[in-house]
Amino acid sequence: MPFKSPARRAFLALLLILAWMPPAGAATAVADNAALVARAHDQIKNERFVEGLASAREAARKNPQDYKAAYYVALASLALGRFDDADIAVARARALAPDSARDSIDHLQANIKARRESLGTLQAADAALAEGLVGKAARLYDQAWNADRADSQPGFKAADLYANRLGQPVDAARILRVLVADPKTSGAADAQLSRIATPLREAAAKSIALGDQSHGEQRRKLYRDAVVADPDSIDGYQKLAAAAAKDGDGDDLKLALKDMSARGRLDLALFNAPEFGPWLADSRFQQWMTDLVGASTLAKVLEDVAAEKERQKEIADAWVWKDDSWYDTRSEPENRSLEREQDRCDGRIERVSSRVKSAKSFECECSWTNHPAYGDYPRCRLTWTENTLLH
């Protein structure tokens with residue numbers, strides 16, 4: 001089977017370049033054989049594979065010790081789909097070649113194996129699809145593409161079946177996102193990804209909702225599924241990071257943080273959540289964070305976390321008695337009410353009365369107070385006469 005796809009042709013060109021580079025210290029080819037080897041190289045480069053095979057075989061016949069001649073016999077045989085001939089020729093080339101030429105030969109040997117496996121799987125996929133076994137066909141096209149990614153067509157076929165016949169947009173996207181990264185296939189792959197964008201977002205939202213109701217590894221798996229479905233789901237990444245931090249899973253935590261950072265979507269306020277506290281106190285994690293965000297940003301994160309911790313402490317003390325005072329800094333400014341807090345303070349008097357042995361009177365004094373961080377808020381002070389003893 002000739003090299004029809006642009007990707008295969010590019011790989012063929014690479015193999016030709018590797019083979020044509022003379023190994024350092026190697027002897028020059030016999031003069032009357034060099035022209036045949038050069039001719040085989042040019043013919044294969046121009047996809048005249050039958051002629052290239054004939055020239056390479058003639059060169060190998062004239063000089064059986066010429067590893068390049070055997071190499072081009074293997075390369076032309078591969079391009080024509082003659083895998084058995086290619087295997088025999090590449091094995092001979094490897095046996096004859098100096099160590100400095102082994103890398104290019106190993107590349108060719110691996111490609112022959114991959115192409116053989118891919119073709120067999122591709123034929124099985126075609127047969128399965130003809131029988132109506134769509135799920136099996138999609139799986140086999142997927143396998144064929146993974147065996148030989150130089151040929152994008154099995155990947156596109158698998159993605160099409162996953163997306164349009166099997167209702168598996170996440171599996172389709174897994175393939176298409178790889179194909180998008182290749183300039184030769186990016187246009188077609190991006191178009192297919194655009195068509196399944198809505199199902200992918202819906203799949204991500206469903207996984208997040210299920211994750212919110214789960215715990216432990218199952219919860220993290222669902223959040224991982226969400227970001228695989230929709231890599232732009234920052235909510236999914238943040239929830240995965242928070243769940244991993246809480247569960248003590250450093251791998252998932254670092255995965256989520258790195259992916260958010262790579263997309264320029266890492267919100268440093270995320271670290272204010274209490275589950276990140278133990279991680280940020282760990283020197284090894286701090287070193288990793290330095291690699292992630294830089295030393296100065298990490299210092300700012302630690303400073304903000306300390307400030308948030310103090311703020312949370314103050315919030316925890318709000319709506320309670322402290323130094324005989326009652327105050328509200330937890331409500332949003334527009335929801336704060338002096339009258340409501342006066343009523344709460346009066347209710348506090350009734351509860352305090354049950355805890356004292358004697359008292360002549362209680363009194364609530366409420367007024368607005370200003371705080372640089374919280375703005376205006378109501379503050380009440382409960383006073384009582386001497387001789388009052390609280391339990």
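We did not get these values from a lab; they are worked out from the coordinates using the rules stated. Remember, it's a predicted structure, so these values are computed and weren't measured experimentally. Cβ atoms come from the backbone with ideal geometry, glycine included; neighbour counts cover every protein chain shown.
Computed quantities for the displayed model
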quantity: Peptides 284-297, 91-104, 36-49, 228-241 ordered by average Cβ neighbours within 10 Å, highest first; calculated: 228-241, 36-49, 91-104, 284-297
quantity: Rounded FRET efficiency, nearest 0.05, which uses the C-beta distance separating Ser214 from Ala110 and R0 of 41 Å; calculated: 0.45
quantity: Förster radius 51 Å - calculated FRET efficiency between Ala188 and Asp343 (Cβ-Cβ, nearest 0.05); calculated: 0.15
quantity: Efficiency of FRET between Ala299 and Asp232 - r from beta-carbon atoms, R0 25 angstrom, step 0.05; calculated: 0.25
quantity: Enclosed volume per residue, in Å³, of the convex hull spanned by Cα atoms of region 267-317; calculated: 66 Å³
quantity: Burial ordering of Thr369, Thr198, fewest other beta-carbon atoms within 10 Å first; calculated: Thr198, Thr369
quantity: Entries of Lys136/Lys157; Lys221/Lys309; Lys62/Lys113; Lys206/Lys239; Lys258/Lys309; Lys157/Lys184 with Cα pairs more than 18 Å apart; calculated: Lys221/Lys309; Lys62/Lys113; Lys258/Lys309
quantity: For region 188-286, size of Cβ-based charge dipole, Lys and Arg +1, Asp and Glu -1, in debye; calculated: 80 debye
quantity: Amide H contacts under 5 Å for Cys366, placed H, 5+ residues apart; calculated: Arg381
